[in-house]
Each structure stands twice: as structure tokens, then as C-alpha cells.
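Structure, as C-alpha cells:
Coordinate-derived values only; no laboratory data. Just so it is clear, the structure is predicted and the values come from calculations on it, not from any experiment. Methodologically, a virtual Cβ is constructed for each residue, glycine included, from the backbone with ideal geometry; neighbour enumeration extends over all protein chains shown.
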């Protein structure tokens, strides 16, 4: 009997964990009864009582398991660690807030049985804030055009992954894995297919995404899968240097011919200095992001440090 592993990453989801586990279990029992299953929570050091609720759920059902992290390891490391910790014939990560429809689990499994070792859920639309969805669309298109890997638009990691792909993930030894990029990079070799869906609103609680988490995701994707940023710095530096030389020559000619007042020349010089300083700071920051990415990989810290496991 094949085994389906459902992974539910969570952080401060006390209002949702009981509901999502019940909903997932209902789908597995009614529509996929021919499969064995496990439902695994991986908690990123919640502080709102989520862990107590998960322990209660696990106590009542040995097929529901949990991994508790010692601290918050971020929105990418924790789910990735959970995926490579499971032993099912396939792994399906699903958000605790119900924004990943549990009704798609049987659809994913059907595609899997048809021979697709990766089934990616792709948002065709969303009931979230329209401005946020627009910004996400622009971000995906930007990364897709910048990267030499064919990125998948509106793909968050929700989907099904065959055991053979999970073995690949285990072999990567990447301390800051970006699952969206990894799937885009290797998906064709695993006969990947996509399933479109409309993303519903969060069922309860508040989103944990903010400017910092979205910025962190954007920088991880840019520094891991694009070279454009650094090359843009080089080209912009060359262009700005050329402009500086031209402006300097024009200014010199005007001064020598007395067509330009000495004191009047301060304004463009000051504006130019501020402009060049701002551009330099921008590009130094961008290069710093690449260096930070390299530094994190060189240090080689573990993906996650676990506090304990339940029902394993």
C-alpha cells in the first residue's frame, strides 16, 4: 500500500491547526482510502498555544505527527526540512491557514498516478488583497525574466513531490533552499505538471507575511537564481562613469570660454554627487545580498534544529 505524507508547516496558527488536520484527514479517508497516510506538523517555534493544540491532536491520533523546532528558522528552511524528514511515497506540503485547498489533494494524487513525479499547484487567481496579488505578479515576472531558470509564476511550493524528488532534495545539502527555484530547475526531469486553482482567503488568524518576509523571499530568489543584479551593477557603473566624463568635459569647456558662472556650477555638481552616491549605495547593498547568500552557505549551519518529535 502506497503512503501519502501530508506536511503542514505552521507558526502561530492556534486557530487553524485542528481544522486543517481534520479537513485533510477527511479527504484522505473518504477519497483516498486505498492509501496509507501520515499528517505531519512542523512548528517554527510558535508562541500562541499552537504547540499545545498540536500535542492534543497527536495524542488522539498516532497517524498525526509533529516536529517542533527550537526557534523560528524562516519560511523556507522549516518546510524544506519537513519534506526531507518524511518517508511517504509522495509528500504534499499544505499551508495551515487553508489558503492551499485540501480538495486538490486527490487531484494531485491522480496526476501522480498518471506518472507525474512533481505536481505543482499554480494560482490562477486569488481572493487576497488585489494590490498584493498584483505586486506578486510583477515579482514573478521580474524573476522569470532575470533568471536563467524557467521560474513558475504564482507557485508557492504547494503541490505533490514523489519520493525520487525528495531524495534529490536530501542530496542537495543546501543551507538556504528555495524550493520554488529547485522545482523550476529540475522539474522537467521529473515529468512535472501543473494544476491551477483559485487561492481562497485565510480562514482564521492573521497573515505572518510582512515587508521583511517578502523582501527576504525576493532577495533569496534573486541571489540564488540570477546573475543580472551583479551584471547590472557593472553596466550601470560603466554608463555612469561615461556620463561623468562627458559632464566634466562640458563643464570644463564652459568654464574656459566663460559661458558658465563659477558659482552657478555648484548646483549640478551637488545633484550629480547625490545621484551617484545613491546609485552606489543601492548597488553596494545588492552586492551585499549576494555576499550574504554566499556567507550563509559557507558557514554551513543546519537547516533546522529540532526540539522534539511526536509520534515518529
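Taking 7 Å steps out from each Cα toward its Cβ at residue 62 and residue 47 produces label points 3.7 nm apart. For segment 51-120, taking the reciprocal of the average inverse distance between every pair of different Cα atoms yields a Kirkwood hydrodynamic radius of 14.2 Å.
Estimated from the Cβ-Cβ distance and a Förster radius of 41 angstrom, the FRET efficiency linking residue 257 and residue 234 is about 0.70.
Modelled spin-label separation between residue 3 and residue 242, with each label point placed 7 Å from Cα along the Cα-to-Cβ direction: 6.2 nm.
The distance between label points at residue 87 and residue 301 comes to 3.0 nm (points 7 Å beyond Cα on the Cα→Cβ vector).
Measuring between their Cα centroids, segment 64-93 and segment 156-173 lie 12 Å from each other.
In terms of other Cβ atoms within 10 Å, 276, 1 run from fewest to most in the order 1, 276. When peptides 3-9, 95-101, 280-286, 69-75 are sorted by average Cβ neighbour count within 10 Å, with the highest value leading, the order is 3-9, 95-101, 69-75, 280-286.
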